[in-house]
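I have placed the structure first, in the form of structure tokens, so that the comments after it can refer back to it.
The values are calculated or read from the model by the stated rules, or taken from the named source; none is laboratory data. Since we're looking at a predicted model, the values are computed, not measured. Every residue, glycine among them, receives a Cβ derived from its backbone with ideal geometry; neighbour counts consider all protein chains shown.
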Amino acid sequence: MTGQKKYDRRTLSAYHEAGHAVVAYDQGVRVHGISIVPDEGRMGHIAIDTLLLNSLAPTFQFNKGARNRFTMERHVMVLQGGHAAIRRLDPAKKVLAETVNGEGSDQNIAITLVKAFAAGDLEAEKYYEWLDARTEGILANPMRWFQVKVLAEALLEDEQLGARKVRAVIGEAGEVWVRAEGGGRRAEDLGEDLPS
């Protein structure tokens, strides 16, 4: 197992929450804040805008139209963003145990949303896997992964970030990435240009 870096729970939690936030940013879902301050048995949490989801979710079983489906897919990918970030950071660590178990876990909420649109368990399973692959594809984008890393570092430093700070860090990291790519340099080598 040489060459594999070990990550502590706090770092894993920061990447998990940053993964949610960057996928939300990518999907146009507003983030109200993120935290790695443990509470209620969780290592961290994210607050996102669920107004549209909350208003449409009760209609999912009756209305499987494009608007509802698109809303559900975006929110499921945000829910999966945390696990996708952990898998990308440390492929040997599948997920943080405390984020998988329990009725209100990211995975269980996502599966419940997907099942509302599926004709049966097999379709729900395949639909969930497809959305998971799409989520991993978002984070496989080098700029998006760079944004996750920068946001996780900011979260490790401050422990809680509000909506403005989250948007600023993600946006500035994207700008640094674009400048680095345009100048033929690696963004990771531009530490002095990173948002503080």
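Summary of computed values
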{"read-out": "Residue count for region 22-48, restricted to those that are under 13 Å from Q80 (Cβ atoms) and modelled with pLDDT of 90 or more", "value": "6"}
{"read-out": "Qualifying residue in region 173-180 (condition: touching a helix residue (DSSP H, G or I) at 6+ places or on another chain (Cβ under 7 Å), modelled with pLDDT under 95 and part of a loop (DSSP other than H, G, I, E, B))", "value": "no"}
{"read-out": "Of the criteria (1) at pLDDT below 95; (2) assigned to a helix (DSSP H, G or I); (3) aliphatic (A, V, I, L, M), which one A119 fails", "value": "(2)"}
